[in-house]
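Q: Have a look at the structure that comes next, please.
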Ligand code: AMP
Ligand code: ZN
């Protein structure tokens, strides 16, 4: 998607602080972190949100969670714990229309979220 900020990060038009990459997934530090560790995990294929996953694209989530499993070990937050969030739509607070998952860690997180 030509006007998608995360697609621009994937194709190198916009720089990022990369923490993980494979053929299907890119993960980078969030530019506006809300926790000591705040990583954005995105599929390289443009899908707008969870709502746009279908039988052809839902396997993306397997790739995402495989990557998350590696990233939390790389960043050494697997033992203390972390949170994975996919903000979706207006009430979910989604601001970028490219499917993404936040990994939050490095401190104790509150529940419920605000
Ligand atoms: P959401 O609000 O759930 O759609 O998440 C989008 C996230 O992307 C926000 O936490 C932003 O801070 C983050 N973000 C936006 N632009 C960039 C960027 N260029 N580099 C890193 N993170 C970004
Ligand atoms: Zn995109």
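Q: How much length, in nm to one decimal, is gained on full extension between residue 65 and residue 108, taken as 0.36 nm per residue of separation minus their Cα-Cα distance? Write down the numbers at each step before the final one.
A: On the way: separation 43, 0.36 × 43 = 15.48 nm, distance 2.16 nm.
Between residue 65 and residue 108, full extension yields 13.3 nm more.
Q: Mind telling me which of 87, 66, 56 comes out most flexible in a GNM of the chain, alpha-carbon contacts under 10 Å?
A: Looking only at 87, 66, 56, the largest GNM fluctuation is found for 56.
Q: Another question, if that's okay. As a test of the formula, what do you get for the chain when each DSSP H run with n ≥ 4 contributes -39,500 (n - 2.57) and the sum is divided by the residue count, at 222 nm and rounded to the nearest 500 deg cm²/dmol? If you can, show how the numbers build up before the last one.
A: Working: 3 runs with 25 residues, N = 114.
Per the formula, -6000 deg cm²/dmol.
Q: What angle do you read, to the nearest 10 degrees and between 0 and 90, between the alpha-carbon axis of helix 60-74 and the longest principal axis of the chain?
A: For helix 60-74, the angle is close to 40 degrees.
Q: Let me ask you something else. Which value in Å is the Kirkwood Rh of region 5-105 over different Cα pairs? Let's see the in-between values first.
A: Numbers: mean 1/r = 0.0727 Å⁻¹.
Hydrodynamic radius (Kirkwood, Cα only) of region 5-105 equals 13.8 Å.
Q: Can I ask one more? For the chain, set up a Gaussian network in which alpha carbons nearer than 10 Å are linked by springs, and say which option among 19, 34, 96 fluctuates the most.
A: Answer for the Gaussian network model of the chain: 34.
Q: Output the relative contact order of the chain, whole-number percent, from Cα pairs under 8 angstrom with separation of 6+ residues.
A: On the way: 154 pairs, mean separation 34.8, N = 114.
Contact order relative to length: 31 percent.
Here, each number is a calculation from the coordinates, and none is a lab measurement. All values reported here derive from a predicted model rather than from experimental measurement.
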